[in-house]
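Just so it is clear, none of the values below were taken in a lab; they were calculated from the coordinates. Everything quoted here is computed from the prediction, not taken from an experiment. Note: ideal-geometry Cβ built from the backbone for every residue, glycine included; neighbour counts use all protein chains shown.
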Amino acid sequence: MVRLTRLNHAPIVLNSDLIERIDITPDTVITLTNGEILRVRESPEEVVRRVMDYRRKIYGPPEISGSAQAPPDDGPEAEE
């Protein structure tokens with residue numbers, strides 16, 4: 001879900017999976033898969049950045065914190 005702002009300054013939270021396309025007119029126009037059209041204050045580049053940030057947060061690799069690391073791979077020779 002990405003937070004955007006309608007032209008009248010009303011905040012909305014959009015399910016980014018529903019975006020079909022983003023058109024650039026004087027306004028940013030988002031067409032959803034159900035045919036609904038949203039006009040937002042953010043630029044198309046900002047909308048794409050927010051969608052990418054959201055997807056990285058949800059689907060990206062887990063962040064490594066501290067000094068925890070994977071144990072070294074000693075290879076098949078280690079089994080002997």
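Electrostatic tally near LEU4: other residues with Cβ closer than 11 Å to its Cβ, Lys and Arg +1, Asp and Glu -1, net +3. Among residues other than THR33 with Cβ under 10 Å from its Cβ, the summed charge is -2 (Lys and Arg +1, Asp and Glu -1). Given in Å, the Rg to one decimal and the Dmax to the nearest whole number for the Cα atoms of the stretch 2-59 are 10.8, 33. Here the spin labels are modelled as points 7 Å beyond Cα on the Cα-Cβ line, and at LYS57 and ILE12 they lie 1.9 nm apart.
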